[in-house]
Amino acid sequence: MIIQTLELKGFRNLTSLDISLSSQKNLIYGLNGAGKTSILEAIFILGFGKSFLKVKKSDLVNFDMNAFFLKMGVLKGSIETELIASFKKNGFYLFLNKKNSNVVELSKYFYPVFFSSSNYNRTIDSVTEMRKVINRFIFGVHSLYIHYILSYNKLLKQKNYLLKTTKNVLELNSWNHAISEMSSKIVDTRMQFINKLNHEIENKFGNHLTILYKPSFDTNKGISDDIFYQQLEKTKNLEIKNQKSMIGPHLDDFEFYFKSINFKFYSSGERKLHLLMIYIAFIELFKKTKNQYPVFLIDDFDTTFDNQNIDFLLENCPDIQVVATSVHKFKSFDNLIELKCGNKDLKRVKNG
Amino acid sequence: METFSLTINKLIEELKKIPTIGRKSAQRICFYLLKKDPKVALDLAAAIVEAREKTILCSICYNLTGQDPCEICASKQRDTTKICVVEEPFNIISIERTGLYKGLYHVLHGNLSPIKGVGPEELKISGLQKRLGGYSVSEIILATSPTTEGNATAHYLTEILKKYKIRITRIALGLPIGADIDYVDSVTIARAMEGRTEIL
């Protein structure tokens, strides 16, 4: 899949922007505050329906405007598709070829992989961030996964509310039954995905690098609705006492290891490289599953990668479309787009 | 800036309280009623008042009815060994339209939802339990929606109905009849695959 065109209106500090992208390596460069990351954020929203930052949609609207509008022309095989995300006072909407749509439908035509210099440390240090990254990966290769996660989150919200407001054990059992059904689907999908990703990592980079999936439920006796329900039964009194859910896929952990040592104990540069290897392995897995590459978004390219990593990335992803941002200009990119503050002086420098 | 009179605004606000009616629809309905012959508005108002005054809940199944017990509960033609549990009265209309089901109904008037403050006490569940003592019921068909709340409600009912040692079934979930499989979303197809039946 390839982004061909991108049009933004009223998004962050970009009042109006219209760019064309090359099918290979694109670099958007400019001074801090020019809106480079906002462009990647807009592309990310068209892929996942929400920002990579914890921010309300209303906060993404330009100060001088009351709505934002994002339009992207995508090429998948020989099919051209138009993706639109718009936010107005009455809500957020996604459109596929001018028809009302949703993230699941849009993901059939476009899927971005986002790598940022500012979040790689957070990804490794925070269990929540790590889970988000893995969830996004699985969403890319498993069409039902997002439905499992959204349903599970709804169930969890209801259960936690119940635990805070009432002690009706019989009602709690019914939520636990529904939760165990959805949990077994999530854990099974995660387990299969991590096995495939580890296999891909081993194929590409040898067996030094591995991801360890540690489900909150004990899976030694297997993965099934009944097995998980029994565990929820055992934890029930503790949950009632603490007034919150204490076990489930929302507490699952993923640990990244290199030569049997957790990523957390490596230097910043090593962490970056190892994480990049996992991203590259995922991109390959995505290619094998979907028979096409995703679009690779890299924020703060010059901070994220040194020269060695740039070569490593370009060697390992020869056919993938890359959209990167940087303060500096790098001539190794096919398409250079200069973004100046206020974005009125947008300049296409090379092959644009 | 408000451009309508207080009485018009009041009507728009009242119409907006109806589910699925937003401001624009409320305005359209309001101006339709005001522009038409006054009889149209008066007949509508009278119909609403009459329906509200004469409609009660059936004391057996909790369906909306003009008589107690309702036509279905009072009928001698219905199969009293089966009770189909639905969320809302209008669900009965959809099932009746098929003409296939000849059993009785029980309306819960909602689903479990702690966030909305709906617990088992707010639903007509105790009424269902009472009915199981009075009839020779052999099957309870759970026809709650395939939503998170609908599933949790079905689990709750299964749990509390266990002791009656009767058959408890859930309506099948899957592909709509006549739908082209290419145009059905993946979640529905997955559900249909899970609920597949043996034909040979």
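If I go through region A:206-225 residue by residue, how many of them are exposed (fewer than 13 other Cβ atoms within 10 Å of the Cβ) and assigned to a helix (DSSP H, G or I)? Residues in region A:206-225 being exposed (fewer than 13 other Cβ atoms within 10 Å of the Cβ) and assigned to a helix (DSSP H, G or I): 0 in total.
Residue-level analysis places B:Glu149 among those that are surrounded by 15 or more Cβ atoms within 10 Å (Cβ to Cβ), assigned by TED's automatic domain parsing to the domain that holds B:Asn63 and at pLDDT below 95. The number of residues in region B:146-172 that are away from every other protein chain (no Cβ under 13 Å) and not aromatic (Phe, Trp, Tyr) comes to 7.
Matching residues to (1) under 21 Å from A:Asn203 (Cα atoms); (2) under 17 Å from the mean Cα position of the chain (by Cα):
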| position | (1), (2) |
| --- | --- |
| A:Lys234 | no, no |
| A:Lys241 | no, no |
| A:Pro249 | no, no |
| A:Leu276 | yes, yes |
| A:Phe282 | yes, yes |
| A:Phe286 | yes, yes |
| A:Val295 | no, yes |
| A:Thr303 | no, no |
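Can you find even one residue in region B:94-107 that is assigned by TED's automatic domain parsing to the domain that holds B:Ile189, aliphatic (A, V, I, L, M), surrounded by 13 or more Cβ atoms within 10 Å (Cβ to Cβ) and closer than 20 Å to A:Ala178 by Cβ?
If we filter region B:94-107 for residues that are assigned by TED's automatic domain parsing to the domain that holds B:Ile189, which is where we start, we get B:94-107.
Filter once more, so that each one left must be aliphatic (A, V, I, L, M): B:95, B:100, B:104, B:107.
Next, only the ones that are surrounded by 13 or more Cβ atoms within 10 Å (Cβ to Cβ) stay: B:95, B:104, B:107.
Next, from what is left, pick out any that are closer than 20 Å to A:Ala178 by Cβ: none.
No, that holds for no residue.
Name every residue in region A:219-248 that is among the charged types (D, E, K, R) and in contact (Cβ under 8 Å) with a residue 12 or more places away in the chain, in order of residue number. Result: A:Asp225, A:Asp226, A:Glu233, A:Lys236, A:Glu239, A:Lys244. A:Leu60 fails exactly one of the following numbered conditions: (1) surrounded by fewer than 14 Cβ atoms within 10 Å (Cβ to Cβ); (2) more than 29 Å from A:Asn291 (Cα to Cα). What is the number of that condition? It is condition (1) that A:Leu60 fails. Considering only region B:88-131, state which residues are polar (S, T, N, Q) and under 12 Å from the mean Cα position of the chain (by Cα). Answer for region B:88-131, where residues must be polar (S, T, N, Q) and under 12 Å from the mean Cα position of the chain (by Cα): B:Asn91, B:Ser94, B:Asn111.
Residues are listed down the side, and each one gets a yes or a no for (1) closer than 17 Å to A:Gln243 by Cβ; (2) at the interface with chain B (Cβ under 9 Å from one of its Cβ atoms); (3) modelled with pLDDT of 90 or more; (4) part of a helix (DSSP H, G or I):
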{"position": "A:Thr123", "(1), (2), (3), (4)": "no, no, no, yes"}
{"position": "A:Met130", "(1), (2), (3), (4)": "no, no, no, yes"}
{"position": "A:Tyr148", "(1), (2), (3), (4)": "no, no, yes, yes"}
{"position": "A:Leu163", "(1), (2), (3), (4)": "yes, yes, yes, yes"}
{"position": "A:Asn176", "(1), (2), (3), (4)": "yes, yes, yes, yes"}
{"position": "A:Ser180", "(1), (2), (3), (4)": "no, no, yes, yes"}
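I'd like to know if region A:93-106 contains one or more residues that are under 26 Å from A:Ile261 (Cβ atoms), without any contact (Cβ under 8 Å) to a residue 24 or more places away in the chain and small (Gly, Ala, Ser). Among the residues of region A:93-106, not one is under 26 Å from A:Ile261 (Cβ atoms), without any contact (Cβ under 8 Å) to a residue 24 or more places away in the chain and small (Gly, Ala, Ser), which makes the answer no.
The number of residues in region B:112-134 being touching a strand residue (DSSP E or B) at 6+ places or on another chain (Cβ under 9 Å) and at the interface with another protein chain (Cβ under 10 Å from one of its Cβ atoms) comes to 2.
The values are calculated or read from the model by the stated rules, or taken from the named source; none is laboratory data. Predicted, not measured: the structure shown is a model, and the values here were computed from it. FYI the Cβ positions are ideal-geometry reconstructions off the backbone, even for glycines, and counts take in every protein chain you see.
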